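Structure first, commentary second.
The values are calculated or read from the model by the stated rules, or taken from the named source; none is laboratory data. All figures in this text were calculated on a predicted structure; none of them were measured in a lab. Heads up, the Cβs are rebuilt from the backbone with ideal geometry, glycines too, and the neighbour counts pull from every protein chain shown.
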Amino acid sequence: MREIARVSDWLFRDRATGKIVIGQFPNIPLIGWLVATVLAAVTSGQVSTVAGYAATIALVVWAGDELMRGVNPFRRMLGAMVLAWVLASFLRG
């Protein structure tokens, strides 16, 4: 049980503040991704296509920022996984 607490502490604790951090607000790139994703879903044609590209770009920006500057290992790993998912989606076509 102690080992689980130690791993959880390492994974989720902000190195600067000592607080447990899973999500942070406001997160502008993530909000941009959400808005663009909704816009892509409720529109059609060229607007939907451009919104889809904007959503992908916003998600890549968010994930790259988390990977490089995440406040704990959980956030950095989440950024890496999302970048890998976006890359795999792109390569799949």
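Numerical summary
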| item | result |
| --- | --- |
| Residue match in segment 61-80 (condition: over 30 Å from Arg6 (Cβ atoms) and either of a type in the set (A, V, I, L, M) or out of contact with any Cys (no Cβ under 9 Å at 6 or more places or on another chain) (or both)) | yes |
| Residue match in segment 63-85 (condition: of a type in the set (Phe, Trp, Tyr) and surrounded by fewer than 17 Cβ atoms within 10 Å (Cβ to Cβ)) | yes |
| Complete set of residues in segment 36-93 that are without any contact (Cβ under 8 Å) to a residue 24 or more places away in the chain, among the basic types (Lys, Arg) and within 30 Å of Trp10 (Cα to Cα) | Arg69, Arg76 |
| Residue tally, condition under 15 Å from Gly70 (Cβ atoms) and over 19 Å from the mean Cα position of the chain (by Cα), over segment 19-54 | 1 |
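Rundown of residues vs (1) hydrophobic (A, V, I, L, M, F, W, C); (2) at pLDDT below 95; (3) closer than 29 Å to Phe90 by Cβ; (4) surrounded by 14 or more Cβ atoms within 10 Å (Cβ to Cβ), yes/no style:
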| residue | (1), (2), (3), (4) |
| --- | --- |
| Met1 | yes, yes, no, no |
| Ile4 | yes, yes, no, no |
| Asp9 | no, yes, no, no |
| Ile20 | yes, yes, no, no |
| Pro26 | no, yes, yes, no |
| Val38 | yes, no, yes, no |
| Val47 | yes, no, yes, no |
| Tyr53 | no, no, yes, no |
